[in-house]
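Quick notes on the structure that follows.
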Amino acid sequence: MDQQAKTWEKTYRDRGYPDVRIQPFLESSKNGKIVAKFQIHEGSRLFIQKILFSGHRHMPSQEIEAVTELKPRPSWGSPNPANCFDSEKGQEDMKKIADLFQNRGFLDVKVNCERQTEAGGLTLRYHIQEGERYGVEKITVEGMRYFKETELLRELREKSQDQEIFDPLHLKMIRADGLLRGRPYSVHGLQASIETLQNLYGQHGFREARISSRILEAGETQQALRVHFEIQEGEQYFVDRVD
């Protein structure tokens, strides 16, 4: 019964009822049977009329809105589930906005959403506190025996652009540029750099190589970071024969 109630609640939310609550209960009938009943509190039907952003200085609102799943109801055509406010989708959208800023170097960004009911629909106001921008001041590598540090740093500098990585927040493969000295720090950039080193070792037979990373303060300011990679090469494998 609880699972059925949750299923129906999702159907209601997808149709514009964000505050719906369905309470299942059992009741005895006159013939001695137990009857399952559901008490439904629909709440108000709300479609998103506007999405507004404030507090951001380094990114246009259109770029921020592009990553959100919830969208304003169009003035033409029929509404769809993306135009209906859902608290779970709202939480996910705040994470996606924060992720967008963190991948531009704003690691301390904070995002919250204010919901306002106005004539004609619902307005979502996202308040963004960017914080300071973090940059890569230095990249170091240790633990390698097969390669020299200068060779690995050159690989990161020349081959880490446009790497394919998995984005766990959006659950899809994306393209990202690796970290470079003097550029903003990003989580996707770190993944791309690790993938670059992993590919290099794989091409030379180190199929069990493990790359880990640490982020350290590198300069006089907290926002200047040193990215440190630690290599565990493992064994180098060769092809004995091909049948």
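The values are calculated or read from the model by the stated rules, or taken from the named source; none is laboratory data. Because the structure is predicted, anything quoted here is derived from the model rather than measured. Note: ideal-geometry Cβ built from the backbone for every residue, glycine included; neighbour counts use all protein chains shown. The protein model used for the area step is the full one, side chains on, heavy atoms only, and it has no ligands, DNA or RNA in it. Shrake-Rupley method; radii C 1.70, N 1.55, O 1.52, S 1.80 Å.
Values for this structure:
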| quantity | calculated |
| --- | --- |
| Between helix 2-14 and the chain: long-axis angle, C-alpha atoms, 0 to 90°, nearest 10 | 90 |
| Reachable aspartates and glutamates, given that their alpha-carbon falls under 14 Å from the alpha-carbon of LYS138 and they are not under 8 places away in the same chain | GLU149, GLU217, GLU220 |
| GluC sites (Glu not before Pro) restricted to segment 1-87 and DSSP loop, no more than 15 other C-beta within 10 Å | GLU42, GLU69 |
| Residues whose placed amide H lies under 5 Å from that of SER213, excluding near-sequence neighbours | GLU230 |
| Gyration tensor (alpha-carbon) shape descriptor, segment 119-234, a/c threshold 1.5 | oblate |
| Anchor LYS30: aspartates and glutamates whose Cα lies under 13 Å away (excluding residues fewer than 8 positions away in-chain) | none |
| Whole-Hz couplings from phi, Karplus 6.51/-1.76/1.60, listed for segment 41-55; x for Gly and Pro | 10, 5, x, 8, 7, 10, 10, 6, 9, 9, 10, 10, 10, 9, x |
| Charge context of GLY219, other residues only, Cβ under 14 angstrom, K/R +1, D/E -1 | 0 |
| Net dipole in debye of the chain [+1 Lys, Arg Cβ; -1 Asp, Glu Cβ; about Cα centre; nearest 20] | 940 |
| Calculated P(r) of segment 157-224 - Cα pairs past 18 Å, % | 45 |
| Length added when fully stretched, ASN199-GLU151, from 0.36 nm per residue minus Cα-Cα | 15.9 nm |
| Accessible surface of the chain, 1.4 Å probe, proportion on carbon and sulfur as whole % | 46 |
| Using a Förster distance of 25 Å, the FRET efficiency for ILE40-SER78 (Cβ separation, nearest 0.05) | 0.60 |
| Rounded tilt (10° steps) of 187-203 against the dominant C-alpha axis of the chain | 50 |
| Among ILE64, ILE34, ILE128: highest mean-square fluctuation, GNM of the chain, C-alpha pairs under 10 Å | ILE34 |
| Extension gain, GLU230 back to VAL67 (0.36 nm per residue minus Cα-Cα distance, nm) | 55.4 nm |
| Rg/Rh (Cα only; Kirkwood hydrodynamic radius) as it applies to the chain | 1.16 |
| Top of PRO79, PRO168, PRO18 by mean-square fluctuation, Gaussian network on the chain, Cα under 10 Å | PRO168 |
| Within a Gaussian network of the chain (alpha carbon springs, distance under 10 Å), most fluctuating of LYS89, LYS148, LYS50 | LYS148 |
| Chymotrypsin sites (Phe, Trp or Tyr not before Pro) restricted to DSSP loop in segment 199-243 with at most 10 other C-beta within 10 Å | PHE238 |
| Rounded tilt (10° steps) of 87-102 against the dominant C-alpha axis of the chain | 20 |
